[in-house]
Amino acid sequence: MTASTPPEDDDKTLFKEAVQGVRKIKQDTISPHRAPVKVKAQQRIAKKDRAEAHPFSDLYEPYLDQEGPTRYRQDDASPYELKKLRRGDYVPELFLDLHGLTQEQAKEELSALLLAARRQHVRCVSIMHGHGKHILKQRLPMWLAQHPQVLAFHQATREWGGDAALLVLLKTEL
C-alpha cells in the first residue's frame, strides 16, 4: 500500500482481485403466473357478492295472512304501496323464473336477483314460482319476508303470472 493511494481505492483493487474470473449467474427461475387485472376485479366482485348474499332460513316463519292472495308488507311500509302493488300499478323491471329449481337453487337465484335489483336501482321485480307441488309457493314468501330490502309483495296480477307469481316491491337506495 502506497502513501499516495487512499484506503478506499486499495479496497476496490483487493475486491476486484478477489472476484476476478467470476461470471454472472444466468437467471433460470420461472416467474409466477399473475392473473390479469380484469380477473382480479371479477374475483373481488364475486367475493363481495358472496358477502352481500342473504342467507335465507327455512325455520323462520313470519306471520302471513292465510286468507286471500299471498301478501306481505313491512311495518314501516305504507299500506297504500301494497294496494298499488295489488292493482298492478308497478311494472316489474326484472323477472325471475324458479320453475324446475330445487329449494337451494331457488334461494341462490333469489339472492342474486335481489342483489342485482339493488345494484340497478330496480323498484319492482316479478318472481314466477309456478304451481307444481306448492313447495316454492309456500317457501318464497317466507324467504322474501326475511330480506331487509323487501318492502312488500303481493300475488301478481293475471298480466304478470297470476297466482303462480309474486310481485315484489323493493327499497331503493339513491
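The values are calculated or read from the model by the stated rules, or taken from the named source; none is laboratory data. The structure presented is a predicted model; accordingly, all values stated were derived computationally and were not measured. In this analysis, Cβ positions are derived from the backbone assuming ideal geometry, glycine residues included, and neighbour counts consider all displayed protein chains. Just so you know, the surface numbers come from the protein's heavy atoms only, side chains and all, with ligands and any DNA or RNA stripped out. Shrake-Rupley method; radii C 1.70, N 1.55, O 1.52, S 1.80 Å.
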Scanning the range 139-162 for residues that are in contact with a helix residue (DSSP H, G or I) (Cβ under 8 Å, 6 or more places away or on another chain) and more than 19 Å from E61 (Cα to Cα), the one surrounded by the most Cβ atoms within 10 Å (Cβ to Cβ) turns out to be A156
Kindly list, by first and then second residue, each pair from a residue in the range 78-89 that is more than 13 Å from V168 (Cβ to Cβ) and in contact (Cβ under 8 Å) with a residue 24 or more places away in the chain to a residue that is open to solvent by less than 90 Å² (accessible area, probe 1.4 Å) and assigned to a loop (DSSP other than H, G, I, E, B), limited to pairs with Cβ atoms under 9 Å and residues at least 6 apart or on different chains. R87/T157; G88/A156; G88/T157
Considering only strands (runs of 3 or more DSSP E) wholly within the range 67-143, the ones with at least 1 residues that are among the hydroxyl-bearing types (S, T, Y) and out of contact with any Cys (no Cβ under 9 Å at 6 or more places or on another chain) are 71-73, 124-128
Selection from the range 124-138 of residues that are open to solvent by 10 Å² or more (accessible area, probe 1.4 Å) and either among the acidic types (D, E) or out of contact with any Asp or Glu (no Cβ under 7 Å at 6 or more places or on another chain) (or both): H129, H131, G132, K133, H134, I135, L136, K137, Q138
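Quick one: which of Q43, Q20 is part of a helix (DSSP H, G or I), at pLDDT 80 or above and over 30 Å from L167 (Cβ atoms)?
Q43
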Cross-chain or 6+ apart pairs with Cβ under 8 Å, the range 110-128 first and at positive phi, then not in a helix (DSSP H, G or I): H121/T172; H121/E173; H121/L174
With L85, L64 as the choices, which residue is open to solvent by less than 40 Å² (accessible area, probe 1.4 Å) and modelled with pLDDT of 85 or more? L85
